[in-house]
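Beneath this line is the structure, given in structure tokens, with notes to follow.
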Amino acid sequence: MPACVTQSRRHPSFLDFVPSLLLALVLVLGLAPPPAAAAQDSLATTARTLEAAPPVAAPAPAADVVGVDGKNDSGKAIELSWSASPDEKAGIATFTAYLVERAASTAGPWTRVDSLPRGTHKKSDTVERGQTYVYRVTALGPGGAAAPAVSAPVKAVAQWFNTGRVSILLAMLLFFVLVIVFTMRAQAGEKLFVRRIPGIDAIEEAIGRATEMGRSVLYVPGINDIDDIQTMASLNILESVSKITARYETPIIVPCNYPVVMTLAQEMVKNGYVAAGRADGYDPDSVRYVTTEQFAYVAAIAGIMLRDKPAANIYLGSFYAESLLLAETGFSTGAIQIAGTAQVAQLPFFVVACDYTLIGEELYAAGAYMSREPRLLGSLKGSDYMKVAIILVIVVGCVLETAGVTSFKQFFASQ
Amino acid sequence: MMNLLPVVLTAIVGILIILSFFIPHPIVAEPAQVLQDWAIVIVASGYVLGAANVYKINGEAAIKQQKDWIYKWVLLGSMTGMMVIGFFFSGGTQFLGDGSPFKWAYDYLYVPMQATMFSLLAFFIASAAFRAFRIRTVDAALLAVAALVVMVGRVPIGNLMTHGLPESIQLPTMANWLLEWPQNAAKRGIAIGAGLGVMATGLRIILGIERSHMREEA
């Protein structure tokens, strides 16, 4: 039984009534004033005490309120700063908090923005673009409110350029220039060297093995939607893969996690079959939507692996916790497995459980590598030169930081 | 012309989204936001296609009693059942509210099955780790030694085993060093390469160099 119930059911004892009996006895004998008279005496005593105590003073006011248009935004923020109340600085108990208010003009009406227990900055990010505001900051305390400090009128304006992203813009422009230059050189007939990527070379071998065994090829394009560039890269590879399966007359199964991915995958597989000259071999049902739910998707693919026993499993795209579930199930069926992802945390699982793994950028390079189209190979070369530039920047940054020069690092700190 | 139009649209939309990253002004930011809202609408409407595809592929197999047809009936029955419960017996738009039959079915049927699938990961990690740590090459030996140091260094017994040694050669110190220096360096290298790959792929698509996802009529 709970303690509270036990207590509520306790029978009153005689001792409980003793104080009441004593009070009644005192009143009856006239030894004490009646309750009303006692209350009046109490109020009078309290009033005398208050008159005698020194009054609590209002805190010293904040000062120098300055409102500035928020930087690098779409005109929705004003940044406020002020000089702290001397009482806050001294830690005196007369100060409790700052009340920040704003109005269209000093005549009001004032709207509460926030209250802060301390500090001298506030970003007000709910303002109307183009509207003029005045702000006031009032120091509050148990003794009341100090005289408010009022800012000059300030207006939030949309900026035309985010100055915190200059370094990104420069890097991106350099990269674009490199890619375009090498793409043009490749189109002009220059032979570009691209190193071997064993994982991609193994795709044809895996499909050939599936053909010899009379089994299908399973292609998993990751579990993200089309807005993930890894999914896009995977679908570009799918066209080349389906071209090979079409040539070898080997069935391909592409279970998709999102409907939009499914429609694009259908196009890719169809393109592959058309490019291989076997448009009639294309089976629209080979590309199918399964589910968007992560582990239901895993269960469906594991079912395909265990029932249909594909001889080659290709996992290319974005993967999360399902990477090892898929790869280990595929391993148990004895299939050749080729995986590729840019999800760094999932790479170890694929490396362990698959025969070949495309690591990070190799996934993005695979489409160009397989198609051997000069324009696409040019973009790979551009990426390589950009990597050299990044390595140089890192080395220079390390040297300057070691020498105590921090401006170089700050330039690359983006907002 | 039919081939050029998607390329031009892709280029315009892609450039606008890139510009919105650098230009916060509403002239650029608001159209970019509208385009992203459109993308959500398109993706949402795609689920109609997805459901139709599930019914078509599994319905044919179930009716024709192809291989494993019984599972197809289970799938179709479950899917239809959830849709009927969600549409007609779960308070309309409040179908995800507490106590609705749809929420009940999701929480007490789907979630346990999902947890079951996820829990398999523990066994798969053990089997994969067993294979990974078999020392057959120099690389595998390095991997096994590093893994051993990290694993033992992260548990109290690792601290107990080496607490009498100088701090620099204690297991927790070595485990932290492995995680913070060689491991982080490798991860960041992969991340930089992947980032460039993202930019290169995006640029190829925006410029129309990579357009295999747009059907090219023969």
| message | Tell me the carbon and sulfur percent of the accessible area for the protein assembly as shown, rounded to whole percent, probe radius 1.4 Å. | response | 67
| Calculated over the protein assembly as shown: convex hull of Cα atoms, volume per residue (Å³) | 334
| request: Sort region B:1-147 into rounded, prolate or oblate with this rule: let a ≥ b ≥ c be the square roots of the eigenvalues of the Cα gyration tensor; rounded if a/c is under 1.5, and if a/c is not under 1.5, prolate when a/b is larger than b/c, oblate otherwise. | output: oblate
| field | For A:Ala58, residues with placed amide H under 5 Å, excluding near neighbours | value | none
| task | Please give, to one decimal in nm, the separation of the simple spin-label points placed at B:Arg211 and A:Met184, each 7 Å out from Cα toward the Cβ. | result | 2.0
| query | Of all the stretches in chain B, which is the longest one without any exposed loop site, taking GluC sites (Glu not before Pro) in a DSSP loop (any state but H, G, I, E, B) with at most 12 other Cβ atoms within 10 Å? | reply | B:1-215
| remark: From the Cα centre of region A:334-387 to that of region B:20-86, the distance in Å is 28
| field | Average other protein chain Cβ within 10 Å of Cβ, residues A:358-366 | value | 6
| B:Thr93/A:Asp227 FRET efficiency (R0 35 Å; Cβ-Cβ; nearest 0.05) | 0.85
| field | Neighbouring partner chain Cβ atoms per residue of A:293-301, average, 10 Å criterion | value | 4
| request: Select from region A:296-400 those chymotrypsin sites (Phe, Trp or Tyr not before Pro) which occupy a DSSP coil region and have at most 16 other Cβ atoms within 10 Å, ordered by residue number. | output: A:Tyr320
| request: Starting at the first residue of region A:391-398, write each ³J(HN,Hα) from the Karplus equation 6.51 cos²θ - 1.76 cosθ + 1.60 with θ = phi - 60°, in whole Hz, x for Gly and Pro. | output: 4, 4, 4, 5, 5, 4, x, 4
| task | For region B:1-88, take the alpha-carbon Rg, divide it by the Kirkwood Rh, and send me Rg/Rh. | result | 1.25
| task | Pairs of Cα atoms under 8 Å, at least six residues apart: use those to get the relative contact order of chain A, whole percent. | result | 14
| request: Could you go through region A:105-112 in sequence order and give the Karplus-derived ³J(HN,Hα) for each residue, using 6.51 cos²θ - 1.76 cosθ + 1.60 with θ = phi - 60°, rounded to whole Hz, and x for Gly and Pro? | output: 8, 5, 6, x, x, 8, 10, 5
| query | With r defined as the distance between the Cβ atoms of A:Glu373 and B:Asp107 and R0 fixed at 56 Å, what FRET efficiency is calculated, to the nearest 0.05? | reply | 0.65
| field | Cα-based reach from A:Lys155 at 23 Å (exclusive), listing lysines while leaving out same-chain residues under 8 positions away | value | A:Lys71, A:Lys76, A:Lys122, A:Lys123
| message | Residue by residue through region B:55-70, what is 3J(HN,Hα) from phi via Karplus (6.51 cos²θ - 1.76 cosθ + 1.60, θ = phi - 60°)? Round to whole Hz and write x for glycine and proline. | response | 5, 5, 5, 7, x, 4, 5, 6, 5, 7, 6, 6, 3, 6, 5, 5
| said: Nearest 100 Å² is fine: what is the total accessible surface buried where chains A and B meet, probe 1.4 Å? | reply: 5700
| Accessible area per residue, 1.4 Å probe, Å², for chain A: what's the number? | 49
| field | By accessible area with a 1.4 Å probe, ligands and nucleic acids excluded, highest first: order of B:Lys187, A:Lys122, A:Lys71 | value | A:Lys71, B:Lys187, A:Lys122
| request: Quick one: angle between helix A:229-248 and the longest Cα principal axis of chain A, in degrees between 0 and 90, rounded to 10, please. | output: 20
| query | To the nearest whole number, what is the average tally of beta carbon atoms from other chains within 10 Å of the beta carbons of peptide A:388-397? | reply | 1
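The values are calculated or read from the model by the stated rules, or taken from the named source; none is laboratory data. Owing to the predicted nature of the structure, the values given are computational and were not obtained by experimental measurement. Glycine also receives a Cβ, built like all others from the backbone with ideal geometry; neighbour counts cover every protein chain displayed. Note: areas computed on protein heavy atoms with side chains; ligands, DNA, RNA excluded. Shrake-Rupley method; radii C 1.70, N 1.55, O 1.52, S 1.80 Å.
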